[in-house]
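Since the structure comes first, as C-alpha cells, the remarks are kept for the end.
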Amino acid sequence: MGCGTSVSTETQDKVVEKDNSVKAPNPALTMKAAVLIQRWYRRYMARLEMRRRYTWNIFQSIEYAGEQDQLQLSSFFSFMLDNFTQLNGNGPDLISQLLDPVVNPWLDRETCFNMIPVPESYTGPRLSFPLSVSDTNALLNGFKEQQTLHARYVLQLLYEAKKLLKQMPNIIHLSTSYTTEITICGDLHGRLDDLLLIFYKNGLPSAETPYVFNGDFVDRGKKSVEVVMLLFAYLLLYPDYMHLNRGNHEDHIMNLRYGFTKEVMQKYKAHGREILQLFQDVFSLLPIATVIDGKILIVHGGISDQTDLDFLGSIERNKVKSALRFPRRSLGQLDIGQCCRQMKGIRSTDSSRASSSCSHSKNQRTQNQRKRRCFPSRQDSTISTSSSSSSSSSSSSSLCSPRTPSHLTPRQCPSFPSSPHTTSVLQVPFLDSLSSVGPPSPPQHEREWKQIVDILWSDPKTQEGCSPNTFRGGGCYFGPDVTQRLLLQHGLQLLIRSHECKQEGYELCHGGQVITIFSASNYYEEGSNRGAYIKVGRELVPRFYQYQVSRTTRKLTLTQRVRAAEGSALRALKEKLFSHRSELMSGFQQYDQNNKGCVSVSEWTLVLEAVLRLDLPWRTLRPHLARLTPDGSVEYQSCFEDMGPGNSLPQVTPNLAETLFRYRTDIEIIFNIIDKDHSGLISIEEFRHTWRLFTAHLGVDIDDRAIDDLARSIDFNKDGSIDFTEFLEAFRVVHKLDKDQHVNGR
Amino acid sequence: MAENKQSAEVVVSDVHKKIRAAFEVFDYELNNTVDAREISTIICSLGCFPSQADIHDFIAEVEEDQTGYVHLDKFLPAMTKVLLENKFPPIPEDRVLQAFEVLDKDNKGYLEAEELTKYLTQEGEVFNQKEMDEMLFAFSDPEKNVIHYKDLICQLTFDTGQ
C-alpha cells in the first residue's frame with residue numbers, strides 16, 4: 001500500500017554533507033534535521049497504528065461473532081431436548097446423561113461438601129470457615145505456586161458464598177470516606193496474573209482498600225477457577241469491602257463455550273458437575289449493579305433506554321440464570337396442567353402462534369435466535385414430568401397430568417420417553433431455564449429478563465438513540481442521550497462499565513459520562529492492550545492506573561509485537577474463511593460465470609461480508625488474504641491456499657469435513673458433557689446419535705451412511721468407543737506455511 | 001485525448017478506493033464518520049508524510065464544525081487532491097539518515113537517549129513526553145540507553161512497508 005505517485009524532492013532543506021570537525025552544528029540545520037526525523041517517525045508510527053487497529057478489529061469481530069455462534073449451541077440443546085430418543089432402552093438415555101439427575105437439592109445442604117474427604121497427601125490450601133486472613137493468604141500463596149484448591153473447599157466456599165449473596169440486594173450502595181478510596185476493576189477473564197498484579201500494586205482487599213469487581217471473572221483465561229475463588233473468598237472475608245457485580249460471562253451457557261466449564265471439568269474430575277451447578281446458582285445471585293455515593297453507577301455492560309433502576313432493584317435477579325434463556329417461572333406459578341410433547345423431528349421454525357412466547361425476540365435480530373425462541377405448536381401430549389431445578393426458590397418438582405393442548409400456547413418442554421419415569425424427576429441443571437413452562441408469559445418476566453440482559457450486554461456508541469446490539473446478539477447500543485437521561489433521572493453523574501477490551505485498559509466516552517474499564521491485559525495477544533483500574537475517593541474524581549503483565553522474558557520490539565498480533569489475527573481470520581469455504585466459493589462463482597477464477601475486489605468484498613458477516617476493512621486486509629491477477633482482480637481460490645486439514649480421514653467428504661471443522665468447539669463441548677466419567681471416550685452410539693441430531697438441527701445435509709462410516713473409521717481400536725480428543729484433532733486446520741506446525745498423524 | 005481522460009478516471013477511481021479502504025478501518029459505527037484524531041493516521045497510512053501543520057490545516061478543512069468528527073463526504077475530495085497533487089511527499093531513507101548524522105556530531109553511529117530527547121522535544125515540531133517515552137521504550141537499547149539510528153531506519157522502513 002502506498003501513495004504510488006512520484007516522489008518530488010524538497011528543494012529547500014537539502015542537507016549538505018557534514019563537516020566532521022564542527023562539534024556544534026548549525027542551529028538551522030539541527031532544526032531541519034529534527035523536523036525531518038519527527039515527520040518521518042510519526043508517519044511510520046501512524047502506519048503501525050493502522051495495522052494495530054485493524055488487527056484489533058479482527059480480534060473483536062471474531063470474538064463477537066463467536067458469541068453469536070454461542071446461541072447455536074444453546075439452541076441445539078433445546079433441540080436435543082425436543083427430539084429426545086432413547087438409545088437402547090436400557091441404560092440412561094442421552095438426555096439424562098447430558099443432564100445429570102443426581103445433582104440438585106443435595107447441593108443446598110452442607111453434606112454436599114462435608115462428605116468429601118481431603119486426603120493427607122493433598123498439599124494445597126486448606127480452608128477453615130468462617131474464613132480468616134490466613135485462609136485468603138493460603139489461597140494466594142497456593143495459587144501462585146500453581147496449586148489447585150481441593151473440590152471440597154471449592155464446594156464449601158461456593159456454598160457459603162451462595163448463602164451470603166442471597167441476602168444481598170440487587171443493587172449495592174457504597175459510600176466513600178475521607179480516608180479510603182474505592183478501587184474499581186473490570187473484566188478479568190480468568191487471568192490470575194492480572195489479579196495478582198492488581199493486588200500487588202494496589203493492595204489486598206481490606207477496610208482501607210475496598211474493591212468493586214465489575215463482572216466477567218471467568219472464561220477465556222486458564223485460571224478462571226482460581227480468580228473466582230479468590231474473589232469469593234475475599235467476599236466472604238470482607239463482605240463490606242469487597243463487592244462483585246455480575247457480568248455476561250457469569251452465565252452457565254456462556255461458560256459452556258468460552259472455557260470455564262471445560263476448565264472446571266478438567267481440574268475437578270470427580271466433582272466437576274456439582275461445582276458447576278453451584279456456580280450456576282452463585283452467578284445468578286451476584287448483584288447486578290453498584291452505586292457509589294448515589295452518584296456513580298457501576299454495571300458490567302451498560303444501559304438501554306428502558307433501564308429502570310427502581311424496577312431493577314425490586315426483581316428476583318436469580319431467576320435469570322442465563323441471558324441466553326428466557327427466565328424460569330417459580331414453581332408456584334406453574335400451571336400444573338400444562339405439559340406437552342414435542343413431535344419428533346420438528347425443527348423450531350418461525351410460527352405466528354409462537355410469537356406470544358417470544359415477543360422479546362424482537363430485540364434480537366439474528367436468525368439463530370429467532371429460530372430458537374419460537375416453537376411450533378404441540379399436537380399431542382402424554383404423561384410427562386416437568387422438571388425444575390431451582391435451588392433458590394422451591395426445590396421440589398412436580399408431575400404433570402396430561403391435557404389436550406389445544407388452547408395451550410406452544411412453549412419449550414423437556415420431553416420424555418413414552419414410559420414415564422417412575423423414579424424421581426429429571427433435573428435439568430445446565431438447562432433448567434429451558435423449561436419455561438406456563439401460560440403466555442406475562443410482561444413481567446420478559447421485562448425482568450430484558451432489563452438484566454441490557455445491563456449485562458449493552459455497549460455505548462457515539463450516535464444518539466438506542467438500538468439492538470446486533471453485533472453481540474444481546475442488549476443494546478446506547479447513545480449519549482440515553483446516558484444523559486438516565487444519569488439525570490437518578491441524580492447520577494457517572495456510569496462506569498466494562499465488557500469491552502480497550503487498548504489502554506480504559507476509555508472515556510459520552511463526554512466523559514461513561515468510562516469503560518478493562519482489567520485483563522494482553523487480552524487478544526501478548527502486547528495487545530494494557531489493563532487498568534480506577535480509584536475514586538470522596539471527591540468522586542476517577543483516577544486511572546494502568547499495567548501490563550509481561551509473560552515473555554524476551555523483550556519484543558513494538559514492531560515485533562504488532563507483527564505477532566497481526567499474524568495471529570490473520571490466522572484466525574483465515575480459519576474463518578476456510579471454515580466457510582463452500583459457501584464462499586459458491587458466492588464467488590456467482591460473480592464468475594465464465595469460470596475465470598477471479599472476481600473484482602468489490603465483488604470479493606461483497607461475498608465475504610455476506611457469508612462471514614464480519615464488519616472488517618476487507619480491502620485493507622485483502623493483500624494478506626488473497627492474490628491479485630495482473631489486471632487487478634482477485635484470484636479467489638488463493639484465499640484458501642495456505643490452509644489445509646490436519647489429518648484427512650478416508651471416508652470424509654469435504655462437506656462433512658468443513659462442517660466438522662466449523663463446529664469443532666461446539667462438538668467438543670457436547671462430547672465433554674456426554675463423557676460423564678471423563679475418560680475421553682464416548683461410545684459410537686452416542687457419537688452417532690449426537691452427530692445426527694446436531695446436523696439435523698443445523699440443517700446440514702449429511703448422509704446417515706457418511707456418519708456411520710465416519711464413526712467406524714475413527715473407532716480405531718474397534719472396541720466401540722471413540723477417543724474424541726483424537727477425533728477433534730483431526731479436524732483442526734493447519735496453516736501450511738507454518739513450518740513448525742505440529743500435525744497430528746496417525 | 002479520450003484515452004487520457006479514461007485513464008485519468010481510472011486513476012481517480014483507484015485513489016478513491018484506497019482512501020475509502022483506509023477510512024473504513026476507523027469507521028467503527030459504519031456511518032462513514034471517523035474521529036478527527038484518527039485523521040493523521042489515515043493520511044499517513046496512505047503513503048503521505050505530512051507535517052503537524054499540514055495535519056492541522058487539513059483537519060480544519062474537513063472537520064464537521066466543532067464536533068470532532070470527519071465525514072467521508074468531505075474527506076474523500078480533500079484527500080484525493082492531496083494524493084493526486086502529492087502534497088505531502090515521502091521522505092527517502094537516505095535523507096533521514098543524513099538528518100540523524102547531523103545530530104550525531106561525534107559520528108558515533110548512535111545517539112544517546114538524553115541527547116535525542118533534547119533535540120526531539122525542544123526543536124522543530126516537538127514530540128510530547130508521551131511520544132518521546134514511547135520511542136525510547138520501543139527502540140532504544142535498554143542497557144546502554146542509546147538509539148542506533150541506522151537500525152531504527154531499517155526496522156521501520158522494512159517492517160512497516162508493504
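You will find that of A:E263, A:E208, the residue that is closer than 28 Å to A:S458 by Cβ and of a type outside the set (G, A, S) is A:E263 and no other. From the list A:E274, A:E226, the one residue that fits, being of a type in the set (D, E, K, R), touching a residue at least 24 places away in the same chain (Cβ under 8 Å), crowded, with 23+ Cβ neighbours inside 10 Å and within 17 Å of A:C185 (Cβ to Cβ), is A:E226.
Every test in (1) surrounded by fewer than 18 Cβ atoms within 10 Å (Cβ to Cβ); (2) assigned to a loop (DSSP other than H, G, I, E, B) is passed by A:E525 save one, and that test is (1). Can you name the residue in segment B:27-42 that is within 8 Å of chain A (Cβ to nearest Cβ) and in a helix (DSSP H, G or I) and, of all such residues, is farthest from A:R619 (Cα to Cα)? Selected residue: B:S40.
Within segment A:610-634, work out how many residues are under 31 Å from the mean Cα position of the chain (by Cα) and either more than 12 Å from chain B (Cβ to nearest Cβ) or touching a residue at least 60 places away in the same chain (Cβ under 8 Å) (or both).
13
Could you tell me whether segment B:104-125 includes any residue that is in contact (Cβ under 8 Å) with a residue 40 or more places away in the chain and at positive phi? Yes.
Scanning segment B:65-77 for residues that are within 22 Å of the chain's Cα centre (by Cα) and either facing another protein chain (nearest Cβ under 9 Å) or without any contact (Cβ under 8 Å) to a residue 40 or more places away in the chain (or both) gives B:G68, B:Y69, B:V70, B:H71, B:K74, B:P77.
With the structure loaded, tell me whether B:E115 is assigned to a helix (DSSP H, G or I) and either facing chain A (nearest Cβ under 10 Å) or in contact with a Pro (Cβ under 7 Å, 6 or more places away or on another chain) (or both) or whether it fails that test. No; evaluated as a whole, the condition is false for this residue. Just to be sure, is B:K18 surrounded by fewer than 18 Cβ atoms within 10 Å (Cβ to Cβ) and at negative phi? Judged against the criteria, B:K18 is not a match.
B:E85 versus (1) over 21 Å from A:T620 (Cα atoms); (2) more than 19 Å from the chain's Cα centre (by Cα); (3) of a type in the set (D, E, K, R): which is the lone unmet condition? Exception for B:E85: condition (2).
If you go through segment B:12-26 and keep only what is closer than 16 Å to A:N57 by Cα and facing another protein chain (nearest Cβ under 8 Å), you end up with B:A21, B:A22, B:E24, B:V25, B:F26. For segment B:78-112, the candidate set comprises residues that are aromatic (F, W, Y) and over 11 Å from B:I153 (Cβ atoms); within that set, the residue that is farthest from the other protein chains (Cβ to nearest Cβ) is B:Y110. Among the residues of segment A:578-589, at least one is within 29 Å of the chain's Cα centre (by Cα), surrounded by fewer than 17 Cβ atoms within 10 Å (Cβ to Cβ), in a helix (DSSP H, G or I) and of a type outside the set (F, W, Y). A:Y591 satisfies every condition listed in (1) at pLDDT 90 or above; (2) over 30 Å from A:Q637 (Cβ atoms) except (2). The single condition among (1) in a helix (DSSP H, G or I); (2) surrounded by fewer than 22 Cβ atoms within 10 Å (Cβ to Cβ) that A:V482 does not meet is (2).
Within segment A:461-474, the presence of a residue that is under 22 Å from the mean Cα position of the chain (by Cα) and acidic (D, E) is excluded.
Of the residues making up segment B:52-63, those that are surrounded by fewer than 17 Cβ atoms within 10 Å (Cβ to Cβ) and either within 11 Å of chain A (Cβ to nearest Cβ) or in contact with a Ser or Thr (Cβ under 8 Å, 6 or more places away or on another chain) (or both) are B:Q52, B:A53.
The values are calculated or read from the model by the stated rules, or taken from the named source; none is laboratory data. Quantities reported herein were computed from a predicted structural model and do not represent experimental measurements. A quick note on method: Cβ atoms are made from the backbone with ideal geometry, for glycine too, and the neighbour counts reach across all protein chains shown.
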